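As structure tokens, the structure follows; a few thoughts come after it.
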Amino acid sequence: MPKLSITDIQLYYDVIGDGQAILFLHGLGSTGIDWEHQYSVLGKKYKCILPDLRGHGKSDKPTNPYSISQMAEDIVELMKLIECTSAHVVGISMGGAVAFQLAHIQPEFVKSMTIINSVSDWRMKTIGERFKLGQRKLIVRLMGMRKMGEVLAGRLLPKPEHESLRIDFIEKWSKNDTGAYLNSLNALVNWSVSSKDLNKMKMPTLFIVSDLDYSPVSKKEKIVNQMPNAKLEIIKDARHGVIIEHPNQVNQLLESFLYSIQ
């Protein structure tokens, strides 16, 4: 697919399949193609729309600061240009934040929402959280994106049977632009949506949560309880990158949820 001009940048996207639209929003340091395990299955029944968010993949990487609101506005403009008036929205991690922001600013567009290993407030509030953030920035600045990919691969895909996934993860991660990655990271950790706004999000919502994710299940349960039409499903022995670690379980939950609301 070609890039489309969205406000101040060119945004790359791809489309797989036909039918009702599913908008997939990837995480920090990732791209639309990283939903491969999902669109290869769901693309048989649905139109899977796979943008590379601002600063990622084949989309432009401006050097000025980013924001999650800006990323959501990019998506609004993209969907207008491709004449898609509504979609089921699926977001993981940073993509979950963008999905929340879309539901906040354009609720009529979001037919349903699936949030995977994300939260409604990404601000770093504790000393421990700020330390880990600083540590990540230091690794990126001093040792580069490949080293950051190696560190993350070891945490997210720690088992011997994950070796091929780790190698693929590191290769993809190493291609990230350092400045764009840091701009995106800063955008994420400065974003939140209020409890009041969560309560206004009435679309059917599924939370898919890994039991070994960075943030505890209890934090996601609290968010679910603030939303009028949300439910939570837990995948056991799973980490943050659950869409590649346990793709079949993710797909089963997604298909069942989408079928239940049609």
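The values are calculated or read from the model by the stated rules, or taken from the named source; none is laboratory data. Bear in mind the structure is a predicted one, so any value in this text is a computation, not a measurement. Counting neighbours? That spans all protein chains shown, and the Cβs are built from the backbone with ideal geometry, glycine included.
For residues that are crowded, with 19+ Cβ neighbours inside 10 Å and not small (Gly, Ala, Ser), scanning just region 48-59, find the one that is farthest from Val250 (Cα to Cα).
Among those residues, the one meeting the criterion is Arg54.
Do you know which of the residues in region 1-25 that are closer than 17 Å to Asp74 by Cα and acidic (Asp, Glu) is surrounded by the fewest Cβ atoms within 10 Å (Cβ to Cβ)?
This residue is Asp8.
Results for (1) farther than 20 Å from Thr7 by Cβ; (2) of a type in the set (Ser, Thr, Tyr), shown as yes or no for each residue.
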{"site": "Ser59", "(1), (2)": "no, yes"}
{"site": "Pro65", "(1), (2)": "no, no"}
{"site": "His88", "(1), (2)": "yes, no"}
{"site": "Ala97", "(1), (2)": "no, no"}
{"site": "Lys125", "(1), (2)": "yes, no"}
{"site": "Lys137", "(1), (2)": "yes, no"}
{"site": "Val140", "(1), (2)": "yes, no"}
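List, please: which pairs have Cβ atoms under 6 Å, are six or more places apart or on different chains, and start with a residue in region 211-237 that is among the small types (Gly, Ala, Ser) and end with one that is assigned to a strand (DSSP E or B)?
Ala230/Thr205
With respect to Tyr46, is the statement that it is in contact with a helix residue (DSSP H, G or I) (Cβ under 8 Å, 6 or more places away or on another chain) and aromatic (Phe, Trp, Tyr) true?
The answer is yes for Tyr46.
Looking at the structure I just gave you, is Lys58 in a loop (DSSP other than H, G, I, E, B), more than 25 Å from Leu152 (Cβ to Cβ) and in contact with an Asp or Glu (Cβ under 9 Å, 6 or more places away or on another chain)?
The answer is no for Lys58.
Look through Ser59, Ser112, Ser67 and report the one residue that is modelled with pLDDT of 95 or more, in contact with a Lys or Arg (Cβ under 9 Å, 6 or more places away or on another chain) and at negative phi.
Matching residue, one of Ser59, Ser112, Ser67: Ser59.
Within region 60-67, does at least one residue satisfy the condition of being out of contact with any Leu (no Cβ under 7 Å at 6 or more places or on another chain), over 21 Å from Leu185 (Cβ atoms) and in contact (Cβ under 8 Å) with a residue 60 or more places away in the chain?
no
How many of the residues in region 15-52 are within 11 Å of the chain's Cα centre (by Cα), aromatic (Phe, Trp, Tyr) and not in a strand (DSSP E or B)?
Qualifying residue count, region 15-52: 1.
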